[in-house]
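Participant: Attaching a single structure in structure tokens format; questions to follow.
No value in this document is a laboratory result; all are computed from the given coordinates. Predicted, not measured: the structure shown is a model, and the values here were computed from it. Glycine gets a Cβ as well: all are built from the backbone with ideal geometry, and neighbour counts include every protein chain shown.
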Amino acid sequence: MSATTAVTVLDHTVQETNAWLKAVEAQLQLENRQQAYSALRAVLHALRDRLPPEVAVKFGAQLPMLVRGLYYDGWHPSGTPTKERHVEEFAAHVFAELPQQFPANPMTVIRGVFEVLWEKLDPGELSKLMEHLPASIRSLKA
């Protein structure tokens, strides 16, 4: 039996976040939810940091409450957007956020998390967001 908080909104966001982590875990064929959390967090941070602050905030508003918290964790809007223009730089940003010896390479992680984002979020809103990224990074969309 799973623990509940008796606060409906919190219980719902825990369930929703677990569904997101399960989707990332399955998409990337990871061993556990901790690895899925690390992958999701790394890509969301790289994406957030690459977007203009107002676009990053609009994107954050679409995320489930707990996922939104990890998205904003450690964010310094004054340092964004980063100047990453090439997919290799974006992948390096993701790599820097992943734990050592992560079982998937950053390009695979990015593609997998992008796939989950397209599955979970409104495609129209996500398309608008992607327009703010350089073409080489947009091309990572599965």
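Participant: Does any residue in the stretch 79-93 that is more than 19 Å from Leu40 (Cα to Cα) come within less than 8 Å, Cβ to Cβ, of a residue that is among the polar types (S, T, N, Q) six or more places away or on a different chain, and which pairs are these?
Facilitator: Final answer for the pair search is Arg85/Ser136; His86/Ser136.
Participant: Let me ask another. Are any residues in the stretch 55-67 under 25 Å from Thr8 (Cα atoms), assigned to a helix (DSSP H, G or I), in contact (Cβ under 8 Å) with a residue 24 or more places away in the chain and in contact with a helix residue (DSSP H, G or I) (Cβ under 6 Å, 6 or more places away or on another chain), and if so, which ones?
Facilitator: Answer for the stretch 55-67, where residues must be under 25 Å from Thr8 (Cα atoms), assigned to a helix (DSSP H, G or I), in contact (Cβ under 8 Å) with a residue 24 or more places away in the chain and in contact with a helix residue (DSSP H, G or I) (Cβ under 6 Å, 6 or more places away or on another chain): Phe59, Met65, Leu66, Val67.
Participant: Residue under question is Glu25, and the condition is that it be more than 19 Å from Glu97 (Cα to Cα), out of contact with any His (no Cβ under 6 Å at 6 or more places or on another chain) and not in a loop (DSSP other than H, G, I, E, B); does it hold?
Facilitator: no
Participant: Working carefully through the options Asn18, Asn32, find the one that is of a type in the set (S, T, N, Q) and surrounded by 13 or more Cβ atoms within 10 Å (Cβ to Cβ).
Facilitator: After ruling out the rest, the residue left standing is Asn18.
Participant: So which of Ala36, Ala104, Ala42 is on the phi < 0 side of the Ramachandran plot, assigned to a loop (DSSP other than H, G, I, E, B), in contact with a Leu (Cβ under 6 Å, 6 or more places away or on another chain) and aliphatic (A, V, I, L, M)?
Facilitator: Going through Ala36, Ala104, Ala42 in turn, just one is on the phi < 0 side of the Ramachandran plot, assigned to a loop (DSSP other than H, G, I, E, B), in contact with a Leu (Cβ under 6 Å, 6 or more places away or on another chain) and aliphatic (A, V, I, L, M): Ala104.
Participant: Then there is this: Across the stretch 1-40, what is the number of residues that are touching a residue at least 40 places away in the same chain (Cβ under 8 Å), of a type in the set (D, E, K, R) and farther than 18 Å from Thr108 by Cα?
Facilitator: Summing the residues that are touching a residue at least 40 places away in the same chain (Cβ under 8 Å), of a type in the set (D, E, K, R) and farther than 18 Å from Thr108 by Cα in the stretch 1-40 gives 1.
Participant: If a residue has to be closer than 15 Å to Ala46 by Cα and not aromatic (Phe, Trp, Tyr) to count, how many in the stretch 106-142 make the cut?
Facilitator: Matching residues across the stretch 106-142 total 19.
Participant: Scan the stretch 41-54 and give yes if some residue there is touching a Phe, Trp or Tyr at 6+ places or on another chain (Cβ under 7 Å) and without any contact (Cβ under 8 Å) to a residue 24 or more places away in the chain, otherwise no.
Facilitator: Within the stretch 41-54, none of the residues are touching a Phe, Trp or Tyr at 6+ places or on another chain (Cβ under 7 Å) and without any contact (Cβ under 8 Å) to a residue 24 or more places away in the chain.
Participant: Which condition number in (1) surrounded by fewer than 19 Cβ atoms within 10 Å (Cβ to Cβ); (2) closer than 20 Å to Lys22 by Cα is the one that Ser78 fails?
Facilitator: For Ser78, the failing item is (2).
Participant: For the stretch 45-54: of the residues being among the aliphatic types (A, V, I, L, M) and part of a helix (DSSP H, G or I), which is surrounded by the most Cβ atoms within 10 Å (Cβ to Cβ)?
Facilitator: Once the filter is applied, the top-ranked residue is Ala46.
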